[in-house]
1. Using a simple spin-label model with points 7 Å from Cα along the Cα→Cβ vector, what separation in nm is obtained for B:D611 and B:D365?
2. How much length, in nm to one decimal, is gained on full extension between A:E280 and A:E143, taken as 0.36 nm per residue of separation minus their Cα-Cα distance?
3. Among B:S213, A:S14, A:S309, A:S419, rank each residue by its count of other Cβ atoms within 10 Å, from fewest to most, as a rough exposure measure.
4. How many angstrom lie between the C-alpha centres of the range A:116-138 and the range A:282-308?
5. Once every Cα of the range B:4-292 carries one equal point scatterer and solvent is ignored, give the base-10 log of I(q)/I(0) from the Debye formula at q = 0.08 Å⁻¹, two decimals.
6. Per-residue mean of other chain beta-carbon atoms within 10 angstrom of the beta-carbon, peptide A:165-173?
7. What ranking do A:T8, B:T421 get, fewest neighbouring Cβ atoms within 10 angstrom at the top?
8. Classify chain B from the C-alpha gyration tensor, please: rounded if a/c falls under 1.5, else prolate or oblate depending on whether a/b exceeds b/c.
Protein chains: 2
Amino acid sequence: MAASFLHTLMNPESIAIVGASNNPMKMGTMHALSIIKDGFKGNFYPVHPTEKTVLGFPAYADPKDLPEAPDLAIFVLPSRHLLPLFEAFGKRGTRHAIVITAGFKEIGTEGADLEQQLKDVAHQYGMRFIGPNCMGMINRAVELNTTVMPLTGQAGRLGMISQSGTYVAQTIVHLQKRGIYFSKAVSVGNEADVNIIDVLEYFGEDPHTSAVSMYIETIRDPRRFLDVARKITPRKPVIAQYVGGSEAGGRAGLSHTGAMAGKNYLYDGLFQQAGVIRVESIEDLYAHGWALSTQPPIRGNRIGIITNSGGPGSAIADTCEANGCVMPVFSESLQAKIKPLMPVHAPAGNPVDLTFSMDMAIMTDTIVDLVMQSGEVDGVVIHGAMSTGFMKAVFPHVAHLLPDISLTDLVDQSNRDLSATAAKPFAHGIPMTVSSFFDRDDAYTEAYEDAGVPVLDAPEKAARTMATLIRYKNIRQRTPLAPAGEMDAHPDAVRIIDEAAEKGARTLDEYAAKKLLACYGIPVPEERLATDRDSALAAAEEIGYPVAFKACDPDILHKSDQDLVILDITDAKSAARAYQAIQETAGRTVPVLAARMIRGRRELLAGISWDDQFGHCVAFGAGGVLTEAINDVVYRLAPIDDSDAREMTEEIKTAKLLDGYRGMPAVDRDRLAEILVRLSRIPLVHPQIREIDINPLLLAGAEPVAVDALVILKEPAGLK
Amino acid sequence: MAASFLHTLMNPESIAIVGASNNPMKMGTMHALSIIKDGFKGNFYPVHPTEKTVLGFPAYADPKDLPEAPDLAIFVLPSRHLLPLFEAFGKRGTRHAIVITAGFKEIGTEGADLEQQLKDVAHQYGMRFIGPNCMGMINRAVELNTTVMPLTGQAGRLGMISQSGTYVAQTIVHLQKRGIYFSKAVSVGNEADVNIIDVLEYFGEDPHTSAVSMYIETIRDPRRFLDVARKITPRKPVIAQYVGGSEAGGRAGLSHTGAMAGKNYLYDGLFQQAGVIRVESIEDLYAHGWALSTQPPIRGNRIGIITNSGGPGSAIADTCEANGCVMPVFSESLQAKIKPLMPVHAPAGNPVDLTFSMDMAIMTDTIVDLVMQSGEVDGVVIHGAMSTGFMKAVFPHVAHLLPDISLTDLVDQSNRDLSATAAKPFAHGIPMTVSSFFDRDDAYTEAYEDAGVPVLDAPEKAARTMATLIRYKNIRQRTPLAPAGEMDAHPDAVRIIDEAAEKGARTLDEYAAKKLLACYGIPVPEERLATDRDSALAAAEEIGYPVAFKACDPDILHKSDQDLVILDITDAKSAARAYQAIQETAGRTVPVLAARMIRGRRELLAGISWDDQFGHCVAFGAGGVLTEAINDVVYRLAPIDDSDAREMTEEIKTAKLLDGYRGMPAVDRDRLAEILVRLSRIPLVHPQIREIDINPLLLAGAEPVAVDALVILKEPAGLK
């Protein structure tokens, strides 16, 4: 297994730490205390220049004096002292490390040099390490915590990977108060060696981890991320927050993990392609990840809503619907079973709204059972379960009326055994999320959370969490990736590119570009290139009127915006006029492309883009006048397969244009997908190509045709 | 003042309650306890059929026995007993009431009848009342709480209006834990008498209320809402969550407040027009409302970010940028002041990232002062201020190292006076929001919240809250509403409609529709209606080629999808062919409209829609092939003024199409606004018109032209 070294790194039998002392307010000490106090059962060796014992353990002045080569060494000392000690561990035989120490790439050139030296030393001794500039890791399977914050609560099933240490360590208390627990968590820091993809690969195989949450500011190797994630997501959900698409966010990201901020839309495409669910906030990353890690898989998108308050019930319904869920009206027979349990006239049709009611067992047990057993829903969202929290809230007012009863008595009274209640989703195999305005002060919230049922502090959040379970269902069920078929270089295409390269051209003209596309089966209009008036007229005659004339010169961009395209030429006289007009507008002699007139009201865009980080990507979206106006373009790493292509066509905002639509036929989706797949492979057979821009890819009836195209070549080697 | 009765209702000097007893677990008792225990200082009269005293107060069996006519009567008894008692209070002279009791319109016909009777009795005695089916109200100015939940915490400056009782009462503890406090709050229930607009009008004048949050499932009188809200929003922020746009949400909403669910896009338009900020969750409704009620007004959109953790700093920057904020790079001189306070190499350019640091005073005082004084930002978002919460979290690990120090000592040590820290935004007049993963367990969170500085439990939330302050700035600064100019009915238009009405027609044909539009200065192409071939050819000649021919018959919709429109006719021969083709396609003799050919690549839509709840609305958006594909249409209640019209044109997703764009000129915005304003007034002078659909409103260069139009008339009175 590729990431097996991470298994050793996260399951060490012996740990040394450098930087811990007996001063409890020092970072190094706090990291050490987490190891000692939170349950690590192996050997523990503090390394300290002067102290004889540290935190009650014998201390060693030099790694060479250690009684064994520790499986893991942790470094929390100033960066200027790091290298000699790191190397000493290498010499002693330690092969795994965590470098908490900051002051590397994130601070600039000087730090980057130091980081390179660290990598060199590690390489020399075959050491793998997390960091530098990280917060360490947590492995609840062996109760090992190397972060600065004490562990709380139980072990969970959510694996957390983060490029910010805060989201692994400083949020521990925050998460415990929300009943969210990790199985394992890794703060990767600067990723000098171990990166988020390594950890993802490891979590993908980890039996203790049922879902993975990733906080991401950059993906250093998008192609490997795609390969690794795509293998995991069909069987284990992966959810990610990507931050850094903005300029200021990039500034912040740059500064603290030394990462290069990438492009938002490319990350969007990468996540879609990889089956990774993207969320927009750390709250969703945690809560939705938690729900994915604990709830049974959802089988459909039908949601039942059970509430004792109309407002939250409406908000849940509204939010569910806006996020792709369906709230079926319950059958007469199901409603007939529910109605006797509720106040007269209270609605049981979904939402089930019991109105303000304190008989919680009916709502949280009887009705939940009925709805989950009905076969009419795939998931349940419930609002308003409460007991002790409510009692505590009202006690100050009622206390003097109940002189013989203490708050504890009252709480105990309302505190029935909720273990079966909280187990409903697991017993029925139907996922559930809970909305409650009471936190763990309330016995219901506590019982649900401790059983692994997500409790959200607002109805909209419970609904959105449920919607994320459905998003994962769609990923689980998507067409498996087809093995990429081969596509050989076409000799004509090779010649076209070679000729351009010989001339030192950076772009292919429209004629050459479309010839190249045609080599790979991408439909283009019948056309002829004419360098004088007579051959233009002859070409028009051969093609058959009506035709279009266009100036054809690689130096002219946006032809149609400059009146260098004349459409709907119906006869020779008009053709002669058109030829002349183009020459006059251009102000010099330009070749003219005579093309069969293709008609269509729907303009798409397809292309290949280049990004230094992502490499070649394939783009698809709204074309023509819309391209810049609504920026409705989606991306995938090239090459793509048929299912990727179909997802792209469904993902654009104007997807409805592709359906049968106001008298226009539905696009030939097989053909469209084939075009995108073929297009995506062109840069593989012609790596000299940097970008391809087909705009518009016009829908002539149901058939996409590349009506205009541009190919940009890479700078010759040596230039840039 | 229109809503002065609400002042009396919410500031009573004496209150009677029906339905309270000495059983502390009864709803009525809990409402009474809230009044007694939470600080009401006036006279209190329980009315009870048998008890001599209730909750220590002398009880009265009959309202007529009360020593005075109470200013306010509260009813918490079963609906079947309500009316006689309600009437008895009317007779006794009480003029204000709250009907908590449920079982009215929300349960169906029978309940609606009872609700009507209640209204009749109220009318008979001149009584105004809140409810039925509500949770009561809170007025912190006189510490009056008539809800079921005990008040907690201090008085705030946020006025809450809710169509769900839960959001006024059951969330009290939830809100207190987040440091959010109401000035006044009203649960309006079924709105049989007092509705959300009345309360809004009252809160608009209330000196204790600085911002208003509204939870809305329906607005029964959108026009009055617009009038009232538009007067308030330039000087006091109003923020609203509207739930009920979805089908299931409507089902839930219907069931519990007896309200008719309205249409999402119409509410969007209404809120925009009224200057009401719409949010999508109850969490935002509370938190953003709270920030608007406490923070100094923001003067621009430049945000400074101060953090001690890179991840949250990036997330704040990213979220701010995505929501219209600007994060300027700090000047060299400001950075020079900040850098000496930070670790070497730590970035001070905005975000200021101190990295993990426990010297909080530098971050929360010194640097906040520097940034706020700099003149370089209009608002500040800060992440990571913490003290006692952190100490409590780490104490379990360090306790044994500090045998002489208790947790209390440690907390006290780190618990410096934060009153000046928390007052920074007020001292500098620069709004601030705080992101913290520590709740009120931490002294910082508590100090900020109690001073009125919003603390959010995630960086994205702190950023979005700040963005809402900027949204309000834009509302505060928008062009004041211009008084609506008059527009008189044009005699030709009157004749066109009368003729159609005489024929019993429900629609005007394209020719008549455009004639009508032209009467009001809306540009249409020059055109002639022809009923035979010769007149069609003559018309084309008169207009001048090229022309377009269209079938013109009110029964034919979507002409262009049926080949009943022929464009670009360049000569008489083509015109003859075109005339013939249209007749053949139609399969019968149809009149033909000959029109000057108008060219343009940008198709818009403008229109008038009709909704039984909202009345006539004006619509504007993307036209032609895009109309249904991306649903990019915005609405306003008709009529609109010039500033409304300009906002509509800026609000559509494809707004960029209106700018100078790929060789096309920018639209004439004055002309476009004028067209929308004039269009919006047509239904006022012709109330017989139900709908107008101009699609496309083509941009011929910079000039919008109504190239196709349809007018639908209302059903004649008596029908429908």
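1. 5.3 nm
2. On the way: separation 137, 0.36 × 137 = 49.32 nm, distance 3.05 nm.
Stretched out fully, the A:E280 to A:E143 stretch lengthens by 46.3 nm.
3. Details: B:S213 31, A:S14 18, A:S309 28, A:S419 10.
Arranged by neighbour count, lowest to highest, B:S213, A:S14, A:S309, A:S419 become A:S419, A:S14, A:S309, B:S213.
4. 37 Å
5. -0.31
6. Working: counts 5, 13, 5, 1, 2, 11, 7, 2, 10.
Mean partner shielding for this stretch: 6.
7. Arranged by neighbour count, lowest to highest, A:T8, B:T421 become A:T8, B:T421.
8. On the way: a/c = 3.11, a/b = 1.40, b/c = 2.21.
Oblate shape, in that a/c is at least 1.5 and b/c is the bigger or equal ratio.
Every read-out reported here was derived from the displayed coordinates using simple, explicitly stated rules and does not represent laboratory data. Predicted model only: the values in this text are computed from it and were never measured. Backbone-built Cβ (ideal geometry, glycine too); neighbour counts: all protein chains shown.
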